[in-house]
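The values are calculated or read from the model by the stated rules, or taken from the named source; none is laboratory data. These figures come from a predicted structure and were not determined experimentally. When we count neighbours, we look across all protein chains shown, and the Cβ atoms used for this are built from the backbone with ideal geometry, even at glycine.
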Amino acid sequence: MSKTLVITGANRGIGFAMAKLAHSQGHTVFALCRHASAQLNNLGVRVIENIDVATSEGLNEAKAALTDVQIDLLINNAGILRDESLQDLNTSTIREQFEVNALAPLSLTHALLNNLPHGSKVALITSRMGSIADNTSGGRYGYRMSKAALNIAGMSLAQDLKSHGISVGIYHPGYVQTDMVNHGGDISSDEAATRLLGLMDKLTLAESGVFKHSNGETLPW
C-alpha cells in the first residue's frame, strides 16, 4: 500500500538513500533539505528546498509546504557531526549540534502534529554514540550529548503520542559510508536505508520508544 513519507536531510547520504528506496517502492516522498542536490532533483520525489529545520523560518516553511498533507511516516534524519575533546572544547559547536540534532527533530515533529493521523509513525535517526552505557571512549562531546538528548526526546514523544496512536522509532543506522564520516563506514547508505525502512515498516505501538540498531538489535541507553 502506498504511503506518504517526509524525510529531512534528503539531499545526500542516508536521507537520499531512504528517499530513493521509498520512491522505488511506490511511496510518495517529500524530501526536505537546505539545498537540493542534482541526484535528488532527478529522483522524481517532491523536493522542498531551503528548509533549515534548526530555524523557526525553516520550520514555518516546512509546515506551510506540507499543509493538508497526511503523513504516514515522518523521518527526522537531518543531523551534523562536529568534533570536540576535553583538550579542545568548543561550546559553540556543541550548541550547534544541540540545535540541529536534538531540538530540530522535536520542533519539526511538533510543527507537523496535525499532519500525523492515527496509525502514523515518527522516526528519529540517532546514534549509539548517544548511549551512556555504550560510551567507552569519551570525546565527541557535542555529538554524544545531542544524540543522548534526542534519545530522551524520542522516549517522551513515544509516551505523549501513544494515546494518539502514533508510534515512535529511535534508530542508530550503523557505521555508514557517508560524507559525515569521510566514507569510512562499514555499510553503504543503501544498505542502511533498506534496514531502517524495514524496521520502520514493522514498527508498532508495542515497540514505540525502543532504541534500535538498524540490524534489529536493541541498544542500551
### Positions within the stretch 16-35 being of a type in the set (Gly, Ala, Ser) and under 15 Å from Ala62 (Cβ atoms), in sequence order
Ala31
### Any chance Ala148 is surrounded by 17 or more Cβ atoms within 10 Å (Cβ to Cβ), of a type outside the set (D, E, K, R), under 17 Å from Leu219 (Cβ atoms) and out of contact with any strand residue (DSSP E or B) (no Cβ under 8 Å at 6 or more places or on another chain)
yes
### Query
Do you know which of the residues in the stretch 167-189 that are assigned to a loop (DSSP other than H, G, I, E, B) and within 16 Å of the chain's Cα centre (by Cα) is modelled with the highest pLDDT?
Pro173
### Message
Quick check on the stretch 53-94: of everything there that is among the charged types (D, E, K, R), under 19 Å from Leu32 (Cα atoms) and out of contact with any helix residue (DSSP H, G or I) (no Cβ under 6 Å at 6 or more places or on another chain), which residue is surrounded by the fewest Cβ atoms within 10 Å (Cβ to Cβ)?
### Response
Asp68
### Query
Can you tell me which residues in the stretch 95-140 are more than 24 Å from Ser56 (Cα to Cα), surrounded by 18 or more Cβ atoms within 10 Å (Cβ to Cβ) and hydrophobic (A, V, I, L, M, F, W, C)?
Met129
### Query
Only one of these conditions is not met by Met145: (1) modelled with pLDDT of 95 or more; (2) outside any helix (DSSP H, G or I); (3) not hydroxyl-bearing (Ser, Thr, Tyr). Which number is it?
(2)
#### Entry: Enumeration of residues in the stretch 106-133 that are touching a residue at least 60 places away in the same chain (Cβ under 8 Å) and either among the aromatic types (Phe, Trp, Tyr) or closer than 21 Å to Leu196 by Cα (or both)
Leu108, Lys121, Ala123, Ile125, Thr126, Arg128, Ser131
### Task
Could you tell me whether the stretch 187-205 includes any residue that is touching a residue at least 24 places away in the same chain (Cβ under 8 Å) and within 18 Å of Leu108 (Cα to Cα)?
no
